[in-house]
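Trainee: Take a look at the following structure, please.
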Amino acid sequence: MHPALQGLITVIVGVGGCVGYYYFSNQFLDKFLFPAKGADAGRNINRANMVRPWLFLFPAIFVLGLYLAYPVFETLRLSLTDRSQDGAFVGLANYNQMFSEPKFWEAMRNNMLWLIVVPAASTAIGLLVAQLTDRIAWGNVAKSLIFMPMAISFVGASVIFKLIYDARPEDQAQIGVLNAVWLQFDGGIGSVFLLKLLPAIILLAFAALTAYLVWTLVQPILDTQKRTGLLQLLLRLMGGAIGVWLGILAVINAVQVFGIDYAYGEPQTWLTVPFWNSFFLMVVLIWIQTGFAMVILSAALRGIPEETVEAAIVDGANPFQVFFKIKVPQIAGTIVVVWTTITLTVLKVFDIVFAMTNGQWETQVLANYMFDKLFRANDWGVGSASAIIIMLLVSPILIWNVYNARKEMR
Amino acid sequence: MDNIAGTKSSLTWAVHLSVVFLVLLWLFPTVGLFVSSFRTADQIATSGWWASMFPSEQNLVLRAADPDDFRVEQGGVFVVEGNLFDEDSAAEISVWGTSSRAIDTYVPGDVADLGDGETITVDATGNYVWTGNDDQMSGRGQRVFATAEAPPEFTLANYDNLLLDPSNNEGMAKAFFNTLTVTIPATIIPIVVAAFAAYALAWMDFPGRALLIALIVGLLVVPLQLALIPLLKLHLGIGIGKGYLGVWLAHTGFGMPLAIYLLRNYMVGLPRDIIENAKVDGATDFQIFTKIILPLSFPALASFAIFQFLWTWNDLLVAKVFLIDATGETTVMTNQIVELLGTRGGNWEVLATAAFVSIAVPLAVFFAMQRYLVRGLLAGSVK
């Protein structure tokens with residue numbers, strides 16, 4: 001049978017079956033099980049109404065349980081057993097094996113990099129675009145065009161960016177944009193400005209930003225008038241320490257930029273340059289996710305009460321102050337939502353790495369590592385163990401979401 | 001009012017310019033793919049796509065017509081005349097030569113001496129006159145190496161090749177229909193199931209409702225990576241194996257939390273009066289659902305339908321695990337592209353066209369129904 005015909009039949013059978021199920025189970029409930037007539041009519045109506053929700057819910061709960069809840073526990077079980085030993089219980093042996101593999105730590109390191117860079121960059125650019133397009137006449141067109149990559153598959157985007165990163169031998173015309181641009185640099189004054197001074201300035205600006213953030217985090221502790229709780233104190237100190245570390249790192253790198261010997265005039269195969277190639281992969285996801293961040297944040301910006309902005313302007317605030325001190329604090333909640341949603345996407349990123357490098361040249365990430373273990377090495381134990389690691393990384397967000405959803409419903 | 005809320009400042013032009021810059025930056029990659037898919041392999045290999053809008057200089061290897069068929073005797077010598085290019089070409093030759101080692105020996109109009117009285121002359125538009133004796137003027141046509149300025153040229157041959165050529169086993173036609181076969185049931189069935197569940201969660205009272213909603217919010221973020229092995233094992237165990245049925249079920253399951261969440265949030269916001277009036281008038285829950293809730297929830301249904309459609313159309317992982325078996329008969333477009341990336345890594349005319357075929361449908365859906373997509377996004381991100 002032709003698959004398209006099969007698909008059509010499935011749609012009809014599936015939809016018909018679902019609707020039929022709901023209709024006939026309701027009929028059965030009302031007409032046969034608890035008929036609303038005779039001596040027990042009142043009680044029967046009540047009883048029918050107690051059962052009915054479960055009739056409506058049953059297929060959904062069944063599918064959810066089978067396809068999402070059951071696998072969590074089954075994967076946990078599989079991660080503790082060994083397939084080659086007929087599924088015998090092996091305790092944490094799979095985890096031990098996984099932790100001893102350098103490829104796993106490479107994946108973890110890369111995933112952490114992805115987790116920092118992609119949500120930060122997407123949210124920041126998304127916020128920038130949302131703010132810039134907020135009041136210009138053709139803002140909606142601009143937004144719609146920047147939003148467009150959301151519709152493009154990760155695989156399609158990978159092809160698009162592979163063309164950009166394409167490298168040809170030195171004597172041929174470069175067809176990848178990045179190499180064509182790269183060959184324009186010749187070590188002259190322009191190159192020094194763009195490739196040394198500019199990155200150094202950006203890094204120093206980042207260091208200044210972290211210093212400012214560390215100050216705002218630590219300042220309340222130093223203020224002896226206010227008492228802070230122990231947990232808050234610890235969190236603030238921890239945040240401060242991370243900020244100081246990032247700031248120092250940025251300053252060191254800003255100095256080191258001047259010492260780099262760039263390979264001017266040589267076409268680069270960008271995806272094989274260790275460490276930096278991960279960033280070239282991240283660009284793909286940032287390109288896709290920025291539109292998402294922009295749409296949500298733009299709606300949030302629209303929701304800001306006009307009076308607050310007007311009051312600030314009357315008080316003499318400049319546009320930057322209005323943005324950072326009036327608008328951003330009011331949409332902080334939405335920024336967190338956008339950030340966590342992109343974080344979830346990042347944790348599950350598979351297609352981009354699979355299609356572009358397949359984890360070679362030190363670009364491995366957890367989801368691709370897992371796929372490798374499952375379907376190439378056929379090692380279900382370690383594969384499941386790495387899936388559990390992904391689950392563990394997701395679970396703080398899961399708990400946070402559930403907590404918020406419950407709070408909202410009350 | 002706009003003046004008070006302060007954007008009409010000196011920064012306005014800077015704002016416009018930076019937005020233009022960002023939009024161009026965001027469009028540039030896709031446009032590159034789009035343009036490349038209309039160029040021939042030669043064109044792609046010799047120049048970047050951004051140069052394709054302008055005339056390009058190409059090194060060509062051309063051949064005069066076969067002397068055995070076309071030679072004409074003129075006063076003791078044989079002559080072949082003609083044009084080196086195809087009929088509708090507008091290329092202009094700047095330099096040419098007769099040997100691959102010296103391709104720039106002559107300018108148009110020069111007469112090249114091929115030895116023993118054999119000569120050839122080529123003009124700028126490609127017209128040539130090739131003369132020689134009986135012996136010289138036989139066998140294959142004389143080769144000419146020319147550097148020519150060719151005007152921009154685009155072709156539909158790549159699409160023709162990839163979609164309409166039945167003998168091309170790397171074609172996308174089959175994968176296109178397979179993707180469609182996966183997508184449509186995997187979009188419609190979850191909507192039906194989720195709509196009923198969402199109604200129950202929104203408008204019916206029963207113990208454990210709050211807990212169920214919390215559970216669904218939790219399942220919203222469970223990575224589907226966890227489901228791969230247990231469910232593949234299950235599918236193999238109960239005899240579904242790898243195939244369409246399996247992938248439809250899997251997509252139904254993975255899309256369910258978002259579907260229920262979106263639809264419930266929307267249905268809760270519907271006016272209570274309508275539903276209570278209907279109840280007073282004696283409508284059953286089933287009637288209320290089909291006659292009132294479903295029609296009113298159309299925007300939410302559309303939002304989710306777009307999400308699910310984009311997600312199933314663009315999916316690679318689920319199809320790889322639950323659908324595509326060793327025969328590769330059921331390959332979907334994303335998988336086909338990844339395979340092309342492996343086997344035809346340098347053939348950008350094939351890759352670009354294949355990728356554009358696969359992203360054309362989602363793009364069309366995106367631009368047609370963007371409103372619903374945005375609405376769904378705003379409702380779907382957990383607040």
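Trainee: Restricting to Cα atoms and excluding each atom paired with itself, what does the Kirkwood estimate give for the protein assembly as shown in Å?
Mentor: Roughly 30.7 Å, rounded to one decimal.
Trainee: Here is a follow-up. Most mobile of A:GLY14, A:GLY291, A:GLY333 per a Gaussian network model of chain A (Cα springs, under 10 Å)?
Mentor: So, out of A:GLY14, A:GLY291, A:GLY333, the one fluctuating most is A:GLY14.
Trainee: At B:LYS291 and A:ASN46, where each label point lies 7 Å from the Cα along Cα→Cβ, what is the point-to-point distance in nanometres?
Mentor: It is 2.7 nm.
Trainee: Here's something else I'd like to know. Mean projection of the alpha-carbon convex hull of chain A over all orientations, in nm²?
Mentor: One quarter of the hull surface, i.e. the mean projection, equals 34.1 nm².
Trainee: Charges at C-beta only: +1 for Lys and Arg, -1 for Asp and Glu. How large is the resulting dipole of the range B:223-337 about its Cα centre, in Debye rounded to 20?
Mentor: On the way: 7 positive and 7 negative charges, 38 e Å.
Dipole about the Cα centre, nearest 20: 180 debye.
Trainee: Follow-up question, since we're still on this one. Summarise the accessible area of chain A (1.4 Å probe, protein heavy atoms) by the percent that is carbon and sulfur.
Mentor: Numbers: 14140 of 20440 Å².
Answer for chain A is 69 percent, counting heavy atoms of protein chains only.
Trainee: Output the pairs from B:LYS242/B:LYS320; A:LYS325/A:LYS407; B:LYS233/B:LYS320; B:LYS174/B:LYS320 with a Cα-Cα distance over 20 Å in this structure; if there are none, say none.
Mentor: With Cα atoms farther than 20 Å apart: A:LYS325/A:LYS407.
Trainee: Okay, moving on. For the range B:55-150, what is the Kirkwood hydrodynamic radius in Å, using each pair of distinct C-alpha atoms?
Mentor: So the Kirkwood estimate lands at 13.4 Å.
Trainee: Mind checking A:396-407 for the average number of partner chain beta-carbons within 10 Å of each residue's beta-carbon?
Mentor: 4
Trainee: Return P(r) of the range B:78-228 (all Cα-Cα pairs; 10 Å bins starting at 0; whole %; ordered from short to long distances).
Mentor: All Cα pairs, binned at 10 Å, distribute as 8, 20, 15, 11, 10, 8, 9, 9, 6, 2, 0 percent.
Trainee: For the range B:161-380, what value does the Rg/Rh ratio take when both radii are computed over Cα atoms and Rh is the Kirkwood radius, given to two decimals? Could the numbers behind the result be given before it?
Mentor: On the way: Rg = 20.3 Å, Rh = 19.3 Å.
So for the range B:161-380, dividing Rg by the Kirkwood Rh gives 1.05.
Trainee: Here's another thing I want to ask about it. Per residue and in Å³, how big is the convex hull formed by the alpha-carbon atoms of chain B?
Mentor: Roughly 245 Å³ of hull volume per residue.
Trainee: Using 7 Å Cα-to-Cβ label points, what is the B:ALA173/A:TYR23 separation (nm, one decimal)?
Mentor: Going by the 7 Å Cα→Cβ label model, 3.9 nm.
Trainee: Which three numbers, in whole Å and largest first, are the semi-axes of the equivalent ellipsoid of the range A:297-410 derived from its Cα gyration tensor as √(5λ)? Numbers along the way, then the final one.
Mentor: Details: eigenvalues 364, 70, 15 Å².
Taking √(5λ) for each Cα gyration eigenvalue gives 43, 19, 9 Å.
Trainee: Considering just Cα atoms, how many Å³ per residue does the convex hull of the range A:38-90 enclose? Working shown, then result.
Mentor: On the way: hull volume 6.2 nm³, N = 53.
Output value, Cα hull per residue: 117 Å³.
Trainee: Around B:VAL144, which amide H atoms from residues at least 5 apart in sequence, or from another chain, sit under 5 Å from its own amide H, with H modelled in the peptide plane?
Mentor: Counting only residues 5 or more places away or on other chains, the set is B:LEU62, B:ARG63, B:ALA64.
Trainee: Hey, got a sec? Which trypsin sites (Lys or Arg not before Pro) in the range A:102-207 land in a DSSP loop and have at most 16 other Cβ atoms within 10 Å?
Mentor: A:ARG135
Trainee: Only four residue types carry charge here, +1 at the Cβ of Lys and Arg and -1 at the Cβ of Asp and Glu. Report the dipole size of the protein assembly as shown about the Cα centre in Debye, rounded to the nearest 20. Can you show the working numbers first?
Mentor: Numbers: 46 positive and 59 negative charges, 1170 e Å.
Charge dipole of the protein assembly as shown: 5620 debye, to the nearest 20.
Trainee: Show me, for the range A:350-360, the HN-Hα J-couplings you get by feeding each phi into the Karplus relation (A = 6.51, B = -1.76, C = 1.60, θ = phi - 60°), rounded to Hz, glycine and proline as x.
Mentor: 10, 4, 5, 5, 4, 7, 8, 10, 6, x, 6
Trainee: Quick one: how many Å² of B:GLU349 are accessible to a 1.4 Å probe, rounded to 10?
Mentor: So the heavy atoms of B:GLU349 present about 30 Å² to solvent.
Trainee: What's the buried accessible area, both sides, between A and B using a 1.4 Å probe, rounded to 100 Å²?
Mentor: For chain A against chain B, roughly 9700 Å² becomes buried.
Trainee: Could you give the spread of the C-alpha atoms of the range A:184-264 along their three principal axes, from largest to smallest, in whole angstroms?
Mentor: Cα spread of the range A:184-264 along its principal axes, largest to smallest: 58, 16, 15 Å.
Trainee: Could I ask something else about it? For the range B:137-195, run through the trypsin sites (Lys or Arg not before Pro) and keep only the ones in DSSP coil with at most 13 other Cβ atoms within 10 Å of their Cβ.
Mentor: Here the trypsin sites (Lys or Arg not before Pro) that fit, given the DSSP loop and packing criteria, are B:ARG140.
Trainee: Quick one: accessible area per residue over the protein assembly as shown, 1.4 Å probe, rounded to a whole number of Å²?
Mentor: 47
Trainee: Another question about this same structure. Could you tell me what percent of the accessible area of chain B is made up of carbon and sulfur, with a 1.4 Å probe and every protein chain present?
Mentor: 59
Trainee: Right, another one. Tell me, what ³J(HN,Hα) does each residue in the range A:166-173 have, in order and in whole Hz, if you take phi through Karplus 6.51 cos²θ - 1.76 cosθ + 1.60 with θ = phi - 60° and put x for Gly and Pro?
Mentor: 4, 10, 10, x, 4, 7, 9, 5
Trainee: Taking H placed 1.01 Å from N in the peptide plane, check which residues at least 5 places from A:THR81 or on another chain put their amide H under 5 Å from its amide H.
Mentor: A:VAL90
Trainee: In the range B:12-52, what is the volume of the convex hull around the alpha carbon atoms, normalised per residue and reported in Å³?
Mentor: So the per-residue Cα hull volume is 61 Å³.
Trainee: Same structure, new question: Straight-line reach from A:LYS196: which aspartates and glutamates have a Cα under 16 Å away, not including same-chain ones fewer than 8 places off?
Mentor: Partners found: A:ASP186, A:ASP261.
Trainee: Hey, got the average number of other protein chain Cβ atoms within 10 angstrom for residues in A:13-21?
Mentor: 4
The values are calculated or read from the model by the stated rules, or taken from the named source; none is laboratory data. Please read these numbers as outputs of a predicted model, since none were measured by experiment. A quick note on method: Cβ atoms are made from the backbone with ideal geometry, for glycine too, and the neighbour counts reach across all protein chains shown. Surface accessibility is based on the protein's heavy atoms, side chains included, excluding ligands, DNA and RNA. Shrake-Rupley method; radii C 1.70, N 1.55, O 1.52, S 1.80 Å.
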